[in-house]
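Inspection log for the structure reproduced underneath, given as structure tokens.
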Amino acid sequence: MKHEPKRPGANERGQPEVRWCGYRSPLGPMRLVARGDALAGLYFDGQKYDVEIGEGWSESPRDPVLREAMRELDEYFAGRRVRFEVKLAPQGTGFQRAVWRAIAAVPAGRTISYAELARRAGSPSAVRAAGAATGRNPLSIIVPCHRIVGSSGSLTGYAGGLRRKVALLALEGGEGSGRGMEVRAPARRSRSPKPSGAADPAPPRSR
């Protein structure tokens with residue numbers, strides 16, 4: 001029987017191959033996940049809605065997609081990057097992806113409310129649903145959901161925890177940024193964190 005050649009970034013069944021690795025950020029351990037030729041997830045260890053490492057996933061810290069994402073994260077935490085350029089492929093419903101695209105368009109140093117987010121996503125009456133989709137964001141920091149705040153400007157829930165939300169806003173020096181929140185030294189690559197499960201990803205960050 002003749003076999004089709006295996007496509008780059010695909011497994012024997014031709015499906016996107018899932019690779020992952022750990023990353024030690026100044027705000028705690030994180031896990032990066034790549035599918036095919038794009039980054040599909042970036043989670044704080046133990047955050048809400050985290051994903052567990054699946055059977056057949058390959059721990060690949062030298063993978064080009066994961067290495068590029070880690071390099072850009074290093075630059076972000078060092079204050080040298082405001083826009084991420086690594087290719088992204090988050091998995092979600094059409095509405096969720098619309099919300100995540102709207103989040104990704106919020107520039108560093110700025111914040112918007114959930115109501116404004118719903119409007120930008122094309123569903124002005126779906127404020128609660130936009131909030132739920134924000135919590136399910138699989139690309140913390142890169143899709144900067146930490147820039148989404150309450151209608152009064154209050155720092156409402158964040159999958160990675162409010163302390164991290166305050167720290168990220170302070171790092172960016174923008175609206176709603178906290179004062180006196182210490183952000184530790186620039187990120188360094190680290191050992192892969194153990195699988196854990198659960199945390200609302202943070203919104204994308206762009207330059």
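The values are calculated or read from the model by the stated rules, or taken from the named source; none is laboratory data. Please read these numbers as outputs of a predicted model, since none were measured by experiment. When the accessible area is computed, the model is the full protein with side chains, heavy atoms only, and any ligands, DNA or RNA have been set aside. Shrake-Rupley method; radii C 1.70, N 1.55, O 1.52, S 1.80 Å.
At a glance:
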read-out: Probe 1.4 Å - accessible area at Phe44, Å² to nearest ten; value: 0 Å²
read-out: For the range 75-90 versus the range 153-172, the gap between their alpha-carbon centres in whole angstrom; value: 18 Å
read-out: Glu72, Glu17, ranked by accessible area, largest first (probe 1.4 Å); value: Glu17, Glu72
read-out: Amide proton proximity set for Ile53, modelled H, under 5 Å, gap of 5+; value: Ser196
read-out: Karplus 3J(HN,Hα) series, Hz, for the range 99-114 with 6.51 cos²θ - 1.76 cosθ + 1.60 (x for Gly, Pro); value: 5, 5, 5, 5, 5, 4, 7, 6, x, 4, x, 10, 9, 9, 7, 5
read-out: Built amide H within the under 5 Å cut-off of Asp45, gap 5+; value: Met30, Arg31
read-out: Amide hydrogen neighbours beyond the local backbone of Ala108, cut-off 5 Å, H modeled; value: Ser206
read-out: Pairwise Cα inverse-distance average, inverted: Kirkwood Rh of the range 40-171 (Å); value: 15.4 Å
